[in-house]
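Chemist: Input: one structure, supplied below.
The values are calculated or read from the model by the stated rules, or taken from the named source; none is laboratory data. Just so it is clear, the model here is predicted, and its values are computed rather than measured. Neighbour counts are summed over all protein chains in view; Cβ atoms, including those assigned to glycine, are modelled from backbone coordinates with ideal geometry. The accessibility values were calculated without ligands, DNA or RNA, using every heavy atom of the protein model including side chains. Shrake-Rupley method; radii C 1.70, N 1.55, O 1.52, S 1.80 Å.
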Amino acid sequence: MVEQVTCTISEDEAALYDRQIRLWGLDAQKRLRAARILLIGLRGLGAEVAKNIVLAGIKSLTLLDHTVVTEEDACSQFLVPKSDLGKNRAQSSLSRTAQLNPMVTVTADTANITTKDEDFFKDFDVVCATCCQKDELIRIDEICHRNDIKFFAGDVFGFYGYMFSDLNKHEYAEEIVKSKVTASDSGEPASKKQKTEEKETIVVKKTATFTRLKEAFSVDWSNTAAVKLKRTPTTYFIALVLLKFREIHDRDPSPKLRDDDMKELSKLCETTLEGMQVDRSTVDENFAGYCFAELSPVCAVVGGVLGQEIIKAVSQRDTPHNNFFFFSGVDGSGMVDCLGN
């Protein structure tokens, strides 16, 4: 759990975070100031998440990425200078991230996340993983679940994006507005007294239980009602196809190999949906043309939601998204859905 008893807010911090303290309270800001967060993957989505949580005023952020800056990063990665082409993404993102909020400790780790054992993750309160393969995401989630570390995952593929959260058993506070009817003290009979409606806000403590990523990615669709399948965002199935592509080719679809990758994506879509016993018509046959590069507007939307959910989880304020958020830039739709047992 996030440290909160020993954390104090200095006068400078109180002045800097004044508007946030007014919004969600001093205790919530103290929890944020105690949060140690690991961010895996510093492409477009990772840059958006880093910006949002650093500005919120966390304690520390570790940027972890073993890959190098490419020309494609110019589409959405605003934390790396154009002159850093070929350099490590985490190191290149360090300076601009730290400049966003000097009160947050920002460090870079250039190692591959697959080399990190369970003890490494115990130094963090929140882990957010992007640009990882499906099996690695599941491994990290299992470690976080065992150690009561809040886990988030997300990716952007062209026009499509998603985020997932596993907060284990999460306690949070929610403000509820209640109406209270009072009668005037005019000395008149009760039936004739003027009644006024006053609204008051009360804070209610609630608990939410989350599903692990492995279960969320392994839904038995053969026994799922047609109505539920129809309501499930198609971006869920598209994300599984793209994660399969990443697993096979150790990369995402490339604009330089557009024609070949589109054919491969179409084939993978057929085999993936067939294996899940889901009809091929569930996913639009032209989806493959919208899966290239991390588009800046899509990163902004998904990164905004992902950053918001991390802040809500750490501050323990407001109802969290349980457990997926899907976004499609093709039709501009965003949807929260709970999948898994």
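Chemist: If D123 passes every condition in (1) open to solvent by less than 50 Å² (accessible area, probe 1.4 Å); (2) modelled with pLDDT of 95 or more; (3) over 26 Å from P255 (Cβ atoms) but one, which one does it miss?
Modeler: D123 satisfies all of (1) open to solvent by less than 50 Å² (accessible area, probe 1.4 Å); (2) modelled with pLDDT of 95 or more; (3) over 26 Å from P255 (Cβ atoms) except (1).
Chemist: Scan the stretch 249-257 and tell me whether some residue there is open to solvent by less than 50 Å² (accessible area, probe 1.4 Å), assigned to a helix (DSSP H, G or I) and touching a residue at least 12 places away in the same chain (Cβ under 8 Å).
Modeler: Checked against the condition, which is being open to solvent by less than 50 Å² (accessible area, probe 1.4 Å), assigned to a helix (DSSP H, G or I) and touching a residue at least 12 places away in the same chain (Cβ under 8 Å), the stretch 249-257 yields no hits at all.
Chemist: So, restricting to strands (runs of 3 or more DSSP E) that lie completely within the stretch 136-186, which ones have at least 1 residues that are buried (at least 22 other Cβ atoms within 10 Å of the Cβ) and either out of contact with any His (no Cβ under 7 Å at 6 or more places or on another chain) or at pLDDT below 95 (or both)?
Modeler: 150-157, 160-166
Chemist: Among (1) in contact with a Phe, Trp or Tyr (Cβ under 8 Å, 6 or more places away or on another chain); (2) among the small types (G, A, S); (3) not in a strand (DSSP E or B), where does A129 come up short?
Modeler: Going through (1) in contact with a Phe, Trp or Tyr (Cβ under 8 Å, 6 or more places away or on another chain); (2) among the small types (G, A, S); (3) not in a strand (DSSP E or B) one by one, A129 breaks only (3).
Chemist: Where residues in the stretch 1-57 are modelled with pLDDT under 95 and in contact with a Phe, Trp or Tyr (Cβ under 6 Å, 6 or more places away or on another chain), which of them is nearest to A153 (Cα to Cα)?
Modeler: G57
Chemist: Any chance the stretch 267-288 includes a residue that's basic (K, R) and in contact with a strand residue (DSSP E or B) (Cβ under 9 Å, 6 or more places away or on another chain)?
Modeler: no
Chemist: A follow-up question, please. Taking the stretch 62-74, which residues are at pLDDT below 90 and surrounded by 19 or more Cβ atoms within 10 Å (Cβ to Cβ)?
Modeler: The answer is none; no residue qualifies.
Chemist: As an exercise: evaluate E285 against (1) charged (D, E, K, R); (2) open to solvent by 40 Å² or more (accessible area, probe 1.4 Å); (3) modelled with pLDDT of 90 or more; (4) in a helix (DSSP H, G or I) and give the number of the one condition it does not meet.
Modeler: Here E285 clears every test but (4).
Chemist: Return the total of residues in the stretch 79-115 being open to solvent by less than 30 Å² (accessible area, probe 1.4 Å), assigned to a loop (DSSP other than H, G, I, E, B) and either among the basic types (K, R) or over 27 Å from R139 (Cβ atoms) (or both).
Modeler: Matching residues across the stretch 79-115 total 3.
Chemist: Let me ask something additional. Name every residue in the stretch 209-241 that is closer than 30 Å to A293 by Cα, among the charged types (D, E, K, R) and in a helix (DSSP H, G or I), in order of residue number.
Modeler: K214, E215, K230, R231, listed by residue number.
Chemist: Under 9 Å by Cβ, and 6 or more places apart or on different chains, what pairs join a residue from the stretch 323-337 that is touching a residue at least 24 places away in the same chain (Cβ under 8 Å) with one that is among the acidic types (D, E) and outside any strand (DSSP E or B)?
Modeler: Final answer for the pair search is F325/E309; V330/D284.
Chemist: Condition test on Q316, is it more than 27 Å from the chain's Cα centre (by Cα), at positive phi and open to solvent by 30 Å² or more (accessible area, probe 1.4 Å)?
Modeler: no
Chemist: Now for a different question. What residue, of K51, K30, K59, is open to solvent by 40 Å² or more (accessible area, probe 1.4 Å), within 16 Å of the chain's Cα centre (by Cα) and among the charged types (D, E, K, R)?
Modeler: Being open to solvent by 40 Å² or more (accessible area, probe 1.4 Å), within 16 Å of the chain's Cα centre (by Cα) and among the charged types (D, E, K, R) holds for just one of K51, K30, K59, which is K51.
Chemist: Give the residue that is most open to solvent (accessible area, probe 1.4 Å), with candidates limited to residues of the stretch 211-234 that are of a type in the set (S, T, N, Q) and more than 24 Å from N168 (Cα to Cα).
Modeler: That would be N223.
Chemist: Can I ask one more? Which one of V298, V305, V336 is buried (at least 18 other Cβ atoms within 10 Å of the Cβ), out of contact with any Gly (no Cβ under 7 Å at 6 or more places or on another chain), modelled with pLDDT of 95 or more and not in a loop (DSSP other than H, G, I, E, B)?
Modeler: After ruling out the rest, the residue left standing is V305.
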